[in-house]
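The values are calculated or read from the model by the stated rules, or taken from the named source; none is laboratory data. Since we're looking at a predicted model, the values are computed, not measured. Using ideal geometry, Cβ is built from the backbone for each residue, glycine included, and neighbour counts are taken over all protein chains shown. Ligands, DNA and RNA are stripped out before the accessible areas are found, and what is left, the full protein with its side chains, is counted by its heavy atoms. Shrake-Rupley method; radii C 1.70, N 1.55, O 1.52, S 1.80 Å.
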Amino acid sequence: LLNYLILSGVLYYGTKRYRDTENGGYISYGQSLGSMVLIGVFGSILIGFYMFVFYKYIAPDTLEQMKILAEQQYVKLNMPQNQIDMSLQLITPATLVFSVIFGYAIFSALLGLFLSLFIKKQDPSILE
């Protein structure tokens with residue numbers, strides 16, 4: 001929950017700052033949404049890079065613990081062993097990074113749909 005609150009704050013602050021400093025104080029809904037998506041994708045790539053380094057080099061044992069916990073849950077669900085083995089093969093630093101990048105990018109876009117309503121500020125000279 002805390003990471004989503006931080007993400008919301010970063011998206012809001014980054015886009016508002018762009019609006020006020022680079023865009024003359026005005027931004028359309030579409031520009032705001034685009035800005036938030038770009039900020040979200042860039043942030044997700046940074047988080048993904050950190051996660052890859054963490055799981056691959058800093059604490060690879062954490063990934064093994066995740067696999068053990070996942071296997072225990074699969075056994076509780078009475079999954080066949082071949083499905084358990086296939087699922088555990090998918091738990092790698094690369095797949096975790098991809099899912100984090102994809103997930104944060106999608107969440108940033110969805111959050112941007114909502115937050116852009118509060119950041120948009122139409123230029124009055126365009127309306128004339």
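Within the chain, which whole H helices from DSSP have a Cα span along their axis of at least 30 Å and a mean Kyte-Doolittle hydropathy of 0.5 or more, if any?
On the way: long enough: 29-53 (36 Å, 1.57); 93-119 (37 Å, 2.12).
Taking the DSSP H segments of the chain (at least 30 Å long, mean hydropathy at least 0.5), we get 29-53, 93-119.
Could you look at the chain and say what percent of its accessible area is carbon and sulfur, using a 1.4 Å probe and all protein chains?
Numbers: 5920 of 8660 Å².
On the chain, the fraction of accessible area on carbon and sulfur atoms equals 68 percent.
What number, in percent, do you get for the relative contact order of the chain if the mean sequence gap of Cα pairs under 8 Å and at least 6 apart is divided by its residue count?
On the way: 99 pairs, mean separation 58.2, N = 128.
Once divided by the residue count of the chain, the mean separation gives 45 percent.
Work out the length of the dipole vector of the chain about its Cα centre, built from +1 on the beta-carbon of each Lys and Arg and -1 on the beta-carbon of each Asp and Glu, and round it to the nearest 20 debye. Walk me through the numbers on the way to the answer.
On the way: 8 positive and 8 negative charges, 38 e Å.
So the magnitude is around 180 debye.
Going toward the positive end of the dipole of the chain, with +1 on Lys and Arg Cβ and -1 on Asp and Glu Cβ, which of Ile101, Phe52, Leu115 do you reach last?
Farthest towards the positive end: Leu115.
Can you give the Kirkwood hydrodynamic radius of the range 40-93 from its Cα pairs, in Å with one decimal? Write out the running numbers ahead of the final one.
Details: mean 1/r = 0.0805 Å⁻¹.
This gives a value of 12.4 Å.
Compactness ratio of the chain: Cα Rg over 2.2 N^0.38 Å, N = residue count? Numbers along the way, then the final one.
Numbers: Rg = 20.0 Å, N = 128, 2.2 N^0.38 = 13.9 Å.
This ratio for the chain stands at 1.44.
Could you pull the Cα extents of the range 64-128 along its three principal axes, largest to smallest, in whole Å?
That gives 68, 23, 18 Å along the principal axes, largest extent first.
Taking the solvent-accessible surface of protein heavy atoms with a 1.4 Å probe, what is the per residue accessible area of the range 37-94 in Å²? Can you show the working numbers first?
On the way: 4180 Å² over 58 residues.
Solvent-accessible surface per residue comes out at 72 Å².
What is the calculated FRET efficiency for Thr92 to Leu46, with r their C-beta to C-beta distance and R₀ = 25 Å, to the nearest 0.05? Write down the numbers at each step before the final one.
Working: r = 20 Å, r/R0 = 0.79.
That gives a FRET efficiency of 0.80.
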